[in-house]
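Just so it is clear, none of the values below were taken in a lab; they were calculated from the coordinates. This structure is a prediction, so every number in the text was calculated from the model and none was measured.
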């Protein structure tokens, strides 16, 4: 009789511990995912900061202006077309 009671108690304890263990594992998975997203966001932020800082240089400003079709006073614009 004692063996049956012990087995029932162990089974009840096992059932009671299953849900918290599942919740813990799910939380760990979410934490890992959140950390990965945070690392990606930090990388994106660093790239944006570097790009912003580079745009502040005269060289980058001139390059961007030329890409948009601007010229300096006294320059002659040329258009190169394809056939």
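Compute the helix-to-body angle for 58-67: its Cα long axis versus the longest principal axis of the chain, expressed 0 to 90° and rounded to tens. The two axes meet at around 80 degrees.
By the Cα gyration tensor, the chain has an equivalent ellipsoid whose semi-axes, rounded to whole angstrom, run 70, 14, 5 from largest to smallest.
How large is the helix-only mean residue ellipticity at 222 nm for the chain, computed as the sum of -39500 (n - 2.57) over DSSP H runs with n ≥ 4, divided by its residue count, in deg cm²/dmol to the nearest 500?
Numbers: 2 runs with 64 residues, N = 83.
Estimated from H runs of four or more residues: -28000 deg cm²/dmol.
Looking only at 11, 26, 65, which one moves most when the chain is put into a Gaussian network model with springs between Cα atoms under 10 Å? Top of the fluctuation ranking is 11.
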